[in-house]
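Q: First the structure, which I've put down as structure tokens, then a few questions once you've had a look.
The values are calculated or read from the model by the stated rules, or taken from the named source; none is laboratory data. These numbers come from a predicted model, not from an experiment. Counting neighbours? That spans all protein chains shown, and the Cβs are built from the backbone with ideal geometry, glycine included. Ligands, DNA and RNA are stripped out before the accessible areas are found, and what is left, the full protein with its side chains, is counted by its heavy atoms. Shrake-Rupley method; radii C 1.70, N 1.55, O 1.52, S 1.80 Å.
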Protein chains: 4
Amino acid sequence: MSHGKEGLRRRAYLLLEHPGTGPRLARVLDVALILLIIANVIAVALETVPRIYATHHASFRAFDTISVAIFSVEYMLRVWASAEREPRLPPWRARLRYMRSPMALIDLGAVLPFFIGLLFTSNLQMLRILRLFRIYKLTRYSPALSVLISVIREEAGALVAAFSILTILLVFAATGAYLVEHEAQPSEFGSIPAAMWWALVTLTTVGYGDVTPITPLGKVFGGFITVLGVGMAALPAGIIASGLADHLHRRRDQLRNEFRLALEDGKIDLEEGRQIERLRRELGISRDIAHAILSEVRLRQVPRGECCCPACGHVFDSRKLASVRSAEPSKPGLQRIHDKPEGR
Amino acid sequence: MSHGKEGLRRRAYLLLEHPGTGPRLARVLDVALILLIIANVIAVALETVPRIYATHHASFRAFDTISVAIFSVEYMLRVWASAEREPRLPPWRARLRYMRSPMALIDLGAVLPFFIGLLFTSNLQMLRILRLFRIYKLTRYSPALSVLISVIREEAGALVAAFSILTILLVFAATGAYLVEHEAQPSEFGSIPAAMWWALVTLTTVGYGDVTPITPLGKVFGGFITVLGVGMAALPAGIIASGLADHLHRRRDQLRNEFRLALEDGKIDLEEGRQIERLRRELGISRDIAHAILSEVRLRQVPRGECCCPACGHVFDSRKLASVRSAEPSKPGLQRIHDKPEGR
Amino acid sequence: MSHGKEGLRRRAYLLLEHPGTGPRLARVLDVALILLIIANVIAVALETVPRIYATHHASFRAFDTISVAIFSVEYMLRVWASAEREPRLPPWRARLRYMRSPMALIDLGAVLPFFIGLLFTSNLQMLRILRLFRIYKLTRYSPALSVLISVIREEAGALVAAFSILTILLVFAATGAYLVEHEAQPSEFGSIPAAMWWALVTLTTVGYGDVTPITPLGKVFGGFITVLGVGMAALPAGIIASGLADHLHRRRDQLRNEFRLALEDGKIDLEEGRQIERLRRELGISRDIAHAILSEVRLRQVPRGECCCPACGHVFDSRKLASVRSAEPSKPGLQRIHDKPEGR
Amino acid sequence: MSHGKEGLRRRAYLLLEHPGTGPRLARVLDVALILLIIANVIAVALETVPRIYATHHASFRAFDTISVAIFSVEYMLRVWASAEREPRLPPWRARLRYMRSPMALIDLGAVLPFFIGLLFTSNLQMLRILRLFRIYKLTRYSPALSVLISVIREEAGALVAAFSILTILLVFAATGAYLVEHEAQPSEFGSIPAAMWWALVTLTTVGYGDVTPITPLGKVFGGFITVLGVGMAALPAGIIASGLADHLHRRRDQLRNEFRLALEDGKIDLEEGRQIERLRRELGISRDIAHAILSEVRLRQVPRGECCCPACGHVFDSRKLASVRSAEPSKPGLQRIHDKPEGR
């Protein structure tokens, strides 16, 4: 493998994956690919409208062929360049490992239906629909999505509990409604599975109104179950929302701590700045928010010349620590800010 | 009672209840029983579909008989083995106590309707439906459910307040709608109890649409009450969700504290590990999350060699503590655990 | 005023208002009055059902007369006994002050319509409905309700912001829907006030379905506004729920602090117990929860013999403080628990 | 420019913008302008009702002309007075800068359609509707709205994640419903864009009921997607609510810290009071809440004479600090503020 080839591979890797800071072209490429994915999703949706498909049949086909070509090249380039991921492994092993990653499988899944469609001409419509799942290629570009997924994993216990209660409530609601209503409305509440549709529509507060209790007893039972259920159906959203809030604040706290540590000597030097920047990117915090956190830390820490616990607002006196200093030749950490203007 | 019989009882107890770590067979048994319960619930639901019941009458009966046999054996084994729960009591007292526990009553309730049905042949359909409540046997296998129930108990005050306001709002909405609409729609809003159905369906945001205000004044009142109500109906879910988040975080904090204490000497020794494992199982925290907490604690505590307040992120200087140590012959606190293996 | 009369007034006061611990009869009286209020609300609701009213006309009238008699006596007793509230004021001033309190006005409002009805025989039906507001007498018995009201006051700023955005969104949605749909559906979307009904029903996610967009553009606009709105309508509930959680936890923290302070010497003495009981009642925390908090505090504080910050889990070493003690003749507070078994 | 003119400009500026404390007239003017804006919005809405417009045509026209006159004068005065904003810039530059601010553009947008309507007489109705956006002039008067907007900006990452998942879920739901239902209901589920309407109405729990699945498979898929979706649609509200709660509490904490610092010497002196008042107004906290915070801080801090950590409620012993003082000639920290008036 020539050196030039390896340099090319390195540049392709930075262009496509840009860990940390890739070239500016990488961002342009990202936006172009995102737009292409969205255009693909819209195209597949519009194709199902018979009137549009009839007149623009050829354009849709051309657009799909071009898209698949681009996605295929993208996939092959990514696989080829993935050898840069783990330089210590032989290239083919690094590539095999990458090909088994979820992102690579989604990329493969985005083009495979097209090539299968070339081999087997049957069930074309199903293959056309499968192209819609190209939307999952977008997950690569959304760091927030990975946050949400990790929150769902963290709160899995609570979510399972919420869905368990919802399921038990559904069975209870469907059984009750079946018993109360199945004589008055044999077509809608004729069996428990049928009544389950009403229970689902009611407990999730969707309330289409295609099936509603009509007997007085049914209405009383329906009202009772609705009041109970309305609390349960919104539970998963509440759990995820509070978990998410918690998760994002933990990430910001991590960055805030880093800022505090760096600012203890009054300024962020080059090495500290680089370290913080690395952390910021890892945590997926935007530059704006990082800046806001920095100025908040500055506001709290620097002008007072004292250490104050933001959790409780208590100001630790710097002189108490100074007394410790006088007993010790080495200067203790909390005095550094004080000493800077005079001593250093 | 022979020794062999007691050994058998002990093994049955570990198999069925497996407190802490039972044999691997116990997990297989759990899954089998869970699947059987779910199959029972589905069977009872499908039996209410006349078409299915007509053709598969005999299969349903056979499946029910087999299920009841299994559940009965399970119940009797559990009662017999429950003597192991409190070894200091005479077996019959331990068993009586177990038989009065909610879990045992649910197990009994799952099989009793069948035997009652054998004695009294009337009202068969009602007894068939009662079998559906076998779903509550599942609660044994869901630790998260017990968490949810304890959260609901903790937040009972807030939940009662939310439901009180909802009730007052319901009465207010139904009365207002009755006054405004009962002349235009005498069949839907002819009385306050009738208008209550509209109020319930509206305030819980289900909104079937079977009853809606049609007069302009009714629509203004309906709109006003809806905007107010939409905040109230979702309140219980919000209360439970934030209580749940709080509860789960408190449990994790408890484990985190245990890790911190154990890690103060830099490593978790055998005794500490066993203690933490016991706590983890008690709190119902998964191995994955416990691992994540451990690495977080490690990241924060060990490499720095300093004590840091996670509430405010401030690192207390280790030299301050060093100065205390040099002035005192007795070893200062953060060194104690370190010294334990050697010194004591 | 004889001494016997004042003793009677004192007992009536304790019976009706029982600040802190009244006689057991007081609780029976409370439950009886609560049941009477609920029975009144149900009676008024049932009276509006023409069929029931026709047959039970006399019973309703009798029940109402008896209820008003009881409520009137209750009101007069409360006013008479209210002189005990502020013993330093002359009785008539204390009573006037009580009569102007919201609770007394609600009590008066519960009986006044009846006496007005005796004077003016017109508009009987309206007066019958007014009796329904006797439900507000229940607020006296719900401490949680006063919590909820204080939370709503605390979060007023956020709630006003949420309703402001909702209003602006409503105007925007109604205007957009009017522009897009008023040609296709002149009867439903013929004017902005008419379209406002659709906007309200949609943004609160009630969705009756009596008015829906039918043009493609209307559906696109409706979908867009729904996705936006669904986040806004649930906002007030979320704000109140998180405010409530916060408020209740603050109250428990207050009690927890009191327990911690009292337990610093290892036991709660008589005076401390009385003080905590007073606080518990003031904060409206149930005995069960107070007990749970106490055992949690005990678990955390006593066995370790060290002081640990539950917020950060850091264990303050008792020996560091011991070194301070050796320099000081008076024993410092944190050592008290340690010393108990040996020294005292 | 004469001195009198500048004095007038200064007074106009204080009247209209009143940074901090303007004259009392400023508040009257604010209320009058708010009422005029609301009256305008109501007028525009009523104009779209054909029956009302037909009879009150002239009144609407007159009211609009008067309103535009007032708003125009207001706009011109604001622009003229805006020279006071940045006294160091030449007036025309300060005015140009103000004219480009969002608030000024909204003010301009409120009157411009009227003047355009005078020039071009076509499409009158559209211009009438545009007047409705005068409602945005209200944003100037709602400090809570700016809080909400800054919360939305803070939580942008989480909100984007929630909407991304919602979008992917929508595409998934619409595709699934199209595949399952398009043969049974070709008019409602005939294409993916058509099925998208059902998906939107269902996932946001609006549930009009104009389009519902009718095949058994469609109902199973619909039920599954609804249970999943109900958690996602309420997510943005949950995120904003918890972010808002967090934001408001952070603001109050800031004020609380300021009170604590000021109260360390037992009283708030004049300079401290002025500083706190400035902060209170900046943070948009009402006088009532500020007062509540102050009394809470007083309750916790002053009477005890000791330092207590509100995070854990532990009271640090004052004697420990006393021992440090006796060993050191320099006064320890907690005494410093006390000493200030006398010693320095």
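Q: Would you point out which residue out of D:Ile37, D:Ile52 is within 14 Å of chain C (Cβ to nearest Cβ), farther than 24 Å from D:Arg9 by Cβ and open to solvent by 30 Å² or more (accessible area, probe 1.4 Å)?
A: Exactly one of D:Ile37, D:Ile52 is within 14 Å of chain C (Cβ to nearest Cβ), farther than 24 Å from D:Arg9 by Cβ and open to solvent by 30 Å² or more (accessible area, probe 1.4 Å), namely D:Ile52.
Q: Of all residues in the stretch D:219-269, how many are surrounded by fewer than 23 Cβ atoms within 10 Å (Cβ to Cβ) and in contact with an Asp or Glu (Cβ under 6 Å, 6 or more places away or on another chain)?
A: Residues that pass the stated criteria total 1.
Q: Which members of the stretch C:128-145 meet the condition of being open to solvent by 40 Å² or more (accessible area, probe 1.4 Å) and without any contact (Cβ under 8 Å) to a residue 60 or more places away in the chain?
A: If the condition is that a residue be open to solvent by 40 Å² or more (accessible area, probe 1.4 Å) and without any contact (Cβ under 8 Å) to a residue 60 or more places away in the chain, then C:Leu130, C:Phe133, C:Tyr136, C:Arg140 are the ones that fit.
Q: Please count how many residues of the stretch A:80-104 are open to solvent by 20 Å² or more (accessible area, probe 1.4 Å) and part of a helix (DSSP H, G or I).
A: 11
Q: Consider the stretch A:59-79. How many of its residues are hydrophobic (A, V, I, L, M, F, W, C) and open to solvent by 30 Å² or more (accessible area, probe 1.4 Å)?
A: 8
Q: In the stretch D:223-236, how many residues are free of Cβ contacts under 8 Å to residues at least 60 places away in the same chain, in a helix (DSSP H, G or I) and at the interface with chain A (Cβ under 8 Å from one of its Cβ atoms)? Show your work before the answer.
A: Our first condition is that a residue be free of Cβ contacts under 8 Å to residues at least 60 places away in the same chain; within the stretch D:223-236, this holds for D:223-228, D:230-231, D:234.
Now restrict to residues that are in a helix (DSSP H, G or I): D:223-228, D:230-231.
Applying the additional criterion that residues be at the interface with chain A (Cβ under 8 Å from one of its Cβ atoms) yields D:223, D:226-227, D:230-231.
Total meeting the criteria: 5.
Q: Then there's this: Restricting the stretch D:157-166 to residues that are open to solvent by 10 Å² or more (accessible area, probe 1.4 Å) and facing chain A (nearest Cβ under 8 Å), which is modelled with the lowest pLDDT?
A: Our first condition is that a residue be open to solvent by 10 Å² or more (accessible area, probe 1.4 Å); within the stretch D:157-166, this holds for D:157, D:159-160, D:163-165.
Next, from what is left, pick out any that are facing chain A (nearest Cβ under 8 Å): D:157, D:160, D:164-165.
Numbers: D:Gly157: 76, D:Val160: 81, D:Ser164: 82, D:Ile165: 83.
Among those residues, the one meeting the criterion is D:Gly157.
Q: Let me ask you something else. Would you confirm whether or not the stretch C:107-127 contains a residue that is within 12 Å of chain B (Cβ to nearest Cβ), assigned to a helix (DSSP H, G or I) and either crowded, with 19+ Cβ neighbours inside 10 Å or in contact with a Phe, Trp or Tyr (Cβ under 8 Å, 6 or more places away or on another chain) (or both)?
A: no
Q: Determine whether the stretch C:68-76 contains at least one residue that is assigned to a helix (DSSP H, G or I), under 18 Å from C:Leu132 (Cα atoms) and out of contact with any helix residue (DSSP H, G or I) (no Cβ under 8 Å at 6 or more places or on another chain).
A: yes
Q: Here are B:Pro186, B:Pro193, B:Pro216: which of them is within 14 Å of chain A (Cβ to nearest Cβ) and open to solvent by 20 Å² or more (accessible area, probe 1.4 Å)? Walk me through it before giving the result.
A: Working: B:Pro186 fails: within 14 Å of chain A (Cβ to nearest Cβ); B:Pro216 fails: within 14 Å of chain A (Cβ to nearest Cβ).
It is B:Pro193.
Q: Test C:Ala81 against the stated conditions and say whether it is free of Cβ contacts under 8 Å to residues at least 12 places away in the same chain and not aromatic (Phe, Trp, Tyr). It would help to see each step written out before you state the result.
A: Values: free of Cβ contacts under 8 Å to residues at least 12 places away in the same chain: no; not aromatic (Phe, Trp, Tyr): yes.
Judged against the criteria, C:Ala81 is not a match.
Q: Restricting attention to the stretch D:167-182, and to residues there that are within 7 Å of another protein chain (Cβ to nearest Cβ) and either open to solvent by less than 20 Å² (accessible area, probe 1.4 Å) or farther than 20 Å from A:Val147 by Cα (or both), which single residue is nearest to the chain's Cα centre (by Cα)? Spell out the reasoning first.
A: So the first thing to find is which residues in the stretch D:167-182 are within 7 Å of another protein chain (Cβ to nearest Cβ), and the list is D:168, D:171, D:175, D:178-179.
With the extra rule that they be either open to solvent by less than 20 Å² (accessible area, probe 1.4 Å) or farther than 20 Å from A:Val147 by Cα (or both), the set shrinks to D:171, D:175, D:178-179.
Values: D:Val171: 32, D:Thr175: 38, D:Tyr178: 41, D:Leu179: 44 Å.
In this case the residue turns out to be D:Val171.
Q: Can we say B:Val73 is free of Cβ contacts under 8 Å to residues at least 40 places away in the same chain, within 31 Å of the chain's Cα centre (by Cα) and in the same structural domain as B:Gly7 (by TED's automatic domain parsing)?
A: yes
Q: With the condition kept exactly as written, say whether any residue in the stretch B:35-45 is in a helix (DSSP H, G or I), among the small types (Gly, Ala, Ser) and touching a residue at least 60 places away in the same chain (Cβ under 8 Å).
A: Initially, the stretch B:35-45 is screened for residues in a helix (DSSP H, G or I), giving B:35-45.
Remaining after also requiring among the small types (Gly, Ala, Ser): B:39, B:43, B:45.
From what is left, the residues that are touching a residue at least 60 places away in the same chain (Cβ under 8 Å) are B:45.
So far as the stretch B:35-45 goes, yes, one or more of its residues are in a helix (DSSP H, G or I), among the small types (Gly, Ala, Ser) and touching a residue at least 60 places away in the same chain (Cβ under 8 Å).
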